[in-house]
Amino acid sequence: MADYAGAVAAIKARFAEQWVSGAAPRTPVLLQNENPGDPWPPVDGDGNPAPFVYFEVIGNGSTERGQGTPGDKIWLYMGHIHANVLVPTGQGDTEAHELARLAGEIFRAQSFYNSGEGAIVRCGSPTTDGGEDDADEGNYYRVTMSCPFEFFYRG
């Protein structure tokens, strides 16, 4: 049976699959409450800091969306997908904005996790913020892509 935990797992899997297999070079990804790779933070071939993404799925509400018999109602979870792109300071913001844009295109107006049991994740339009200096103790510059999502399911 489809549930919110499965929807979050599907969001993470979609990002991981498409980020790794995308046409442009991609960065390492750190997921919430998971151990980072080694070395961390990542470094390039010369030992210099390298870009990476901290990926989050943040829920921000749930509501009954439709009436039905007990056990057969339509429920809605709402939330945001965040891809926090971090690039080394001193390299400008162009790469961070481009990687954030590419992350957003993975979810733009997409529907998935359609279990056939009345469950589906539907994504909206991604946006990026203006960026911020001093992320990770001054070593990185951050730009965050945020994309709203809704997860509908019957329960």
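Points worth noting:
- Within the stretch 8-27, the set of residues being over 12 Å from the mean Cα position of the chain (by Cα) and either among the basic types (Lys, Arg) or surrounded by 15 or more Cβ atoms within 10 Å (Cβ to Cβ) (or both) comprises Arg26, Thr27.
- Meets criteria (out of contact with any Lys or Arg (no Cβ under 8 Å at 6 or more places or on another chain) and surrounded by fewer than 17 Cβ atoms within 10 Å (Cβ to Cβ)) for Thr94: yes
- Looking only at residues in the stretch 115-135 that are modelled with pLDDT under 90 and farther than 25 Å from Val87 by Cβ, the one that is surrounded by the fewest Cβ atoms within 10 Å (Cβ to Cβ) is Gly116.
- Against the criterion of being at pLDDT 95 or above and at positive phi, Ala109 qualifies.
- Which numbered condition Asp44 misses (of (1) surrounded by 13 or more Cβ atoms within 10 Å (Cβ to Cβ); (2) more than 15 Å from Thr144 (Cα to Cα)): (1)
- Failed item, numbered, when Arg154 is tested on (1) modelled with pLDDT of 90 or more; (2) surrounded by 14 or more Cβ atoms within 10 Å (Cβ to Cβ); (3) not hydroxyl-bearing (Ser, Thr, Tyr): (1)
- The number of residues in the stretch 1-50 being part of a strand (DSSP E or B) and either of a type in the set (Val, Ile, Thr) or touching a Lys or Arg at 6+ places or on another chain (Cβ under 8 Å) (or both) comes to 3.
- Among the residues of the stretch 59-81, those identified as surrounded by 10 or more Cβ atoms within 10 Å (Cβ to Cβ) and at pLDDT below 90 are Glu64, Arg65, Gly66, Gly68, Asp72, Lys73, Ile74, Trp75.
- Of the strands (runs of 3 or more DSSP E) lying entirely inside the stretch 51-147, those containing at least 2 residues that are over 24 Å from Pro28 (Cα atoms) and in contact (Cβ under 8 Å) with a residue 60 or more places away in the chain are 74-88.
- Checked against the criteria, Ala50 counts as surrounded by 15 or more Cβ atoms within 10 Å (Cβ to Cβ), among the small types (Gly, Ala, Ser), over 16 Å from Val8 (Cα atoms) and touching a strand residue (DSSP E or B) at 6+ places or on another chain (Cβ under 7 Å).
- Answer residue from the stretch 97-114, given it is of a type in the set (A, V, I, L, M) and crowded, with 16+ Cβ neighbours inside 10 Å and is nearest to Glu64 (Cα to Cα) among those: Ile106
The values are calculated or read from the model by the stated rules, or taken from the named source; none is laboratory data. Given the structure is predicted, the values throughout are model-derived calculations rather than measurements. Neighbour counts are summed over all protein chains in view; Cβ atoms, including those assigned to glycine, are modelled from backbone coordinates with ideal geometry.
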